[in-house]
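Participant: Following this message is one structure expressed as C-alpha cells.
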Amino acid sequence: MEVTAQGMPYEAWKDNEYIEKLVKELQDNGTNVIVGSLDKLINWGRSNSIWPLTFATSCCGIEFVSLGAARYDMARFGWEVARASPRQADFMMVAGTIVHRMVPVFRRLYDQLAEPKYVIACGSCAISGGPFKKSYHVAMGIEDIVPVDVFIPGCPPRPEAMIYGIMQLSRKIKVEKFFGGVNRQEKQEEFLKAHPID
Amino acid sequence: MVNIQEKISKLFPEATFEAGDVMRVTVPDAQWHDFAKTLRDDEELSFDFLVTIVGMDWKENGLGCIYYLTSTKHNTHISVKVMATGDRQQPFIHSIADLWAIAVIFEREVYDFFGIIFINNPDMRRLFLNIDWKGFPLRKDYNDDPNINPVSIENERQTDFTDMWVEEADGKVVKKERRIFAEDDFVVNIGPQHPATHGVLRFRTAVDGEIIKKIDIYLGYIHRGVEKICEGLTYPQTLHFMDRLDYFSAHPYHHCLCMAIEEAAGIQISRRAQVIRVLMDELSRIASHCLFIGTYCMDLGATTMLFYTLRVREQILDIMERTCGARMTFNYDCIGGVMQDLHPDFVKDVHALLDVIPKNIAEYNKVFTGNVIAKNRMENVGVLTREDAISWAVTGPNGRGSGWACDVRKCNPYSIYSELEFDEVVRTEGDSMARFKVRVEEMVQSARIIAQLIDNIPEGEYCVKVPKVIKLPVGHWFKTVEGCRGTFGVYLESDGTANPYRLKIAPPCLPASAVVDHITEGQKIADLITIGGSLDYIVPDIDR
C-alpha cells in the first residue's frame, strides 16, 4: 500500500521504509472489514486536519509564524487552527530549546494533550541540544522527556521543511489503527488499572 | 566640561583610576553606596543611566562587579569596579537598588550567576535558575556535572518568600525573610505557555478584581547559559550565539561583538564591509519592526495586519537569504568584515523593497493606526515617564516613546552612522501608542539610511585577512550598538588566550520586561497584553 499525502508522488518521499513497516504491522494483525473501513475514513479526516498547539520557545517559533502567514500558508493543508490550549490540539510542535526549568511545564503540556497525540521535534535544539550542547541548563533532546514522532532538522528549519515534517506526520496518522489502537477510549480501563484512584 | 577624574578624587581620595575605552574607577565596597549616590545626584556628574552590572570571578583575586554608567545629560561614560568583601562562601556588596530601579533585577542576575549577595536589595532571589539549583554557574570553579543538577520532570519548588540581607549596627549581615505579595493577595499565573507573552515568560500577577496590584516576573524558561558556553569557545565560535539571542537583531548583535573583538585585536575593516554591515543592520530593523507590528496587532485582535506586515518581512528575508544563505540565523558578520560578498542582485532587490515600503506603511496606518479601536486600546495605556524610563534603563524604541533620546547611533555613533542623515524618532507621550508609532517611524528612517547607501557601496574587499587563531591582548572592552529593541552591550575580558575570560551580554529586553511591573500597576488586566506587546521583548534575549 502506497501511503502519500497532499497528492505528492510516493517516490518523492523519504523514510518510506518506516511507513511500510507500519503498514505491514497493520496488515499482519488483521482487522475486521467494517472496522478497517471506518478506520480508513476517520484517519482520512484526522490526517487532513491536524491542529497544532501554539507552543514556541525560541527562533523556530518565528518560522512557525511565517508558516502560518500568507506566503507558506499552512491553511492549505488544514493545520492552520493553532490552539492555545493543549486540550484542543492534536500535536505539539516543539519549536525551540527546552531548558531545565521548562521541562516540567513542557511535560505537563504534553500530558494535557488529548489522545491520540503527536509530538514533532523541530530544530536542532529540540532534537539534541543543538548549539547549546555544552550548556549547563539545556535538556539534550526532548526524546528523554516525551515520545517523538517526527524530527525536523535545521537551525531553524525552513518553513518548507516544517511543511514536509507535518506531512510525514499526516502519513503516519493515515496508517494507524484507530479503533482499538490509538483511540484513547478503548484504553480507559487499562489506564485506570494502572493509575488507581484512592 | 568638568574633569570627572579630578572631581571624583577630590571627593573620594581612596578611588583609583584606570584608563581604557571607558574610564574605570575602583572603590572599596564600604564607600560604594555613597559613591554611587554622588555619581547619580551630582549636577556635574549626573550618571543617571545604569547600563549594566557585570559580575566577575577573578579566581584567587576574589569576586566583584563592574558597573557601567552613562550620563544622559552630558553623554559621558564611566565604569566602577567594586570588589566583594567576605569569603567565597558568602561574598557581599552593598546594593544600589534604592538609586536605580533596574538594579534590583541586575543584582539578582549577578547573585544567580556568581552568588554575590547584595546587602539591602529587597529581593535577593535567583533570577533564572531553580530555587534548589546547586552552585553558581558562572564561577570559574563551578562543577557542571549533569548529575548534580539533573533534568527533572517534577514541578520545581515554589515559594512566596524572598530574602533580604541587612547590615546590623555591629556590622553583622543577617538574612530576613520577606513576602513577595501581601498575605491575602489573589495571585494569577500568566505564562509560561501563553500566546500573548511572546515566548516562555511568566508573570505572577496579584490582582484586585480586574486591577493589577503587582507583577512578579519569573524568568529562566529559556535560559541557555550562552555566557558560560562562550568562555569555552574561541572568538569566531562565540559569534554565532548572537544570532540566537534576539533572532530579529541578529545582524546588529553580530556587529557589536565583531566591533569589540576587532577593536581589541586592532583590526581595521574595509569601508565596503562597514557599508554592508550598516545596510544589513537597517534591513533587519525594518524586518523586525514589521514583525512587531504584525504580532502586536494580532494580540489586539487585528489578525489581518500580520499578513500585511509579513509580506514586507518575507521580501527582506529573501534579500538576506540570497546574500547570507539563511532566513534567520545568518552568521554573516565575521571578524574582519562579512562572511561573503553581496549577491549580484542585491542592489536591484533592495531598490524593489524601497519602492514598496512607503506604500506599505501608508497601508498599515490606514488599516490600524488611525482605527478607533486601536486608539482606545493603546492611547494612555501603560504610560512610562522619561525619568522612569532612565531609572529602569528602558532603551530603544520604548525609551524613545517616553521622550528619552537614547539612540546609540546618534549619541555614540559607531561604524559609519555619523556620516549618515537620519532623524532620531522621539515621542513624548510615553504610552503604548507612542511606542508603536516610534517603530513605524523608525522603519521610514531605516529606509532613508538604506537609500543613501545602496547606490554608493564602495568597491573593495569584503573581509580583511585576519589570523587563523585570534588571540586578544589582556584587557577589557565594552561596546554598545543600537539593536532593534534598544541598547545592546557586550563586555569582553581577555586574559591573553584564544578564549574569552568573560563575555557578558547586556540585552535590551531584560529591562523592558522588568518594567512591566512598574507600568501595569493599577491598570486593568486586559491592558497587560497591550503593554507587554508594546514593549516588544524577546524572551531568549532576556534569558540568554
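The values are calculated or read from the model by the stated rules, or taken from the named source; none is laboratory data. Computed from a prediction, not measured in an experiment: that's the story for all the values here. Note that each Cβ is placed from the backbone with ideal geometry, even for glycine, and that neighbours are counted across all protein chains shown.
Participant: If I filter segment B:160-173 for residues that are within 14 Å of another protein chain (Cβ to nearest Cβ) and either without any contact (Cβ under 8 Å) to a residue 60 or more places away in the chain or surrounded by 13 or more Cβ atoms within 10 Å (Cβ to Cβ) (or both), do I get at least one hit?
Facilitator: There is no residue in segment B:160-173 that is within 14 Å of another protein chain (Cβ to nearest Cβ) and either without any contact (Cβ under 8 Å) to a residue 60 or more places away in the chain or surrounded by 13 or more Cβ atoms within 10 Å (Cβ to Cβ) (or both).
Participant: For segment A:77-87, give me the residue count where each residue is part of a helix (DSSP H, G or I) and under 18 Å from A:S47 (Cβ atoms).
Facilitator: Looking only at that region, the number is 1.
Participant: For segment A:38-71: of the residues being within 14 Å of the chain's Cα centre (by Cα) and not polar (S, T, N, Q), which is farthest from the other protein chains (Cβ to nearest Cβ)?
Facilitator: Here the answer is A:R46.
Participant: Further question on the same structure: If I ask for residues that are closer than 18 Å to A:P116 by Cβ, assigned to a helix (DSSP H, G or I) and at pLDDT below 80, which ones from segment A:24-38 would you list?
Facilitator: A:E25, A:L26, A:N29, A:V35, A:G36
Participant: What single numbered condition from (1) within 30 Å of B:I180 (Cβ to Cβ); (2) within 12 Å of another protein chain (Cβ to nearest Cβ); (3) touching a residue at least 12 places away in the same chain (Cβ under 8 Å); (4) of a type in the set (S, T, N, Q) fails to hold for B:S288?
Facilitator: Just one mismatch for B:S288, condition (1).
Participant: Same structure again: Write out, first by first residue and then by second, each pair whose Cβ atoms fall under 9 Å of each other, whose residues are 6+ apart or on separate chains, and whose first residue, in segment B:455-475, is on the phi > 0 side of the Ramachandran plot while the second is among the basic types (K, R).
Facilitator: Partner pairs satisfying both residue conditions: B:G460/B:R271; B:G460/B:R272.
Participant: In segment B:323-352, which residues are within 28 Å of B:P467 (Cα to Cα) and either in a helix (DSSP H, G or I) or not assigned by TED's automatic domain parsing to the domain that holds B:S284 (or both)?
Facilitator: Selection gives B:T323, B:C324.
Participant: Which of the numbered conditions does B:T304 fail, given that it passes all the others? Conditions: (1) surrounded by fewer than 19 Cβ atoms within 10 Å (Cβ to Cβ); (2) more than 24 Å from B:Q237 (Cα to Cα); (3) under 25 Å from the mean Cα position of the chain (by Cα); (4) within 14 Å of chain A (Cβ to nearest Cβ).
Facilitator: Unmet for B:T304, out of (1) surrounded by fewer than 19 Cβ atoms within 10 Å (Cβ to Cβ); (2) more than 24 Å from B:Q237 (Cα to Cα); (3) under 25 Å from the mean Cα position of the chain (by Cα); (4) within 14 Å of chain A (Cβ to nearest Cβ): (3).
Participant: Quick one: A:E20 ticks every box in (1) surrounded by 13 or more Cβ atoms within 10 Å (Cβ to Cβ); (2) within 14 Å of chain B (Cβ to nearest Cβ); (3) part of a helix (DSSP H, G or I) bar one, so which box is it?
Facilitator: (2)
Participant: In addition: Considering segment B:86-99 alone, what residues qualify as being more than 26 Å from the chain's Cα centre (by Cα) and buried (at least 18 other Cβ atoms within 10 Å of the Cβ)?
Facilitator: B:P91
Participant: Residues to consider are B:D355, B:D318; find the one that is more than 12 Å from every other protein chain (Cβ to nearest Cβ), acidic (D, E) and in a helix (DSSP H, G or I).
Facilitator: None of the other options fit; the residue is B:D355.
Participant: Kindly list, by first and then second residue, each pair from a residue in segment A:62-84 that is modelled with pLDDT under 85 to a residue that is exposed (fewer than 14 other Cβ atoms within 10 Å of the Cβ) and in a strand (DSSP E or B), limited to pairs with Cβ atoms under 6 Å and residues at least 6 apart or on different chains.
Facilitator: Every condition considered, no pair remains.
Participant: Now, a different point. Return a yes/no flag: does segment A:153-165 have any residue that is of a type in the set (G, A, S), part of a loop (DSSP other than H, G, I, E, B) and modelled with pLDDT of 85 or more.
Facilitator: yes
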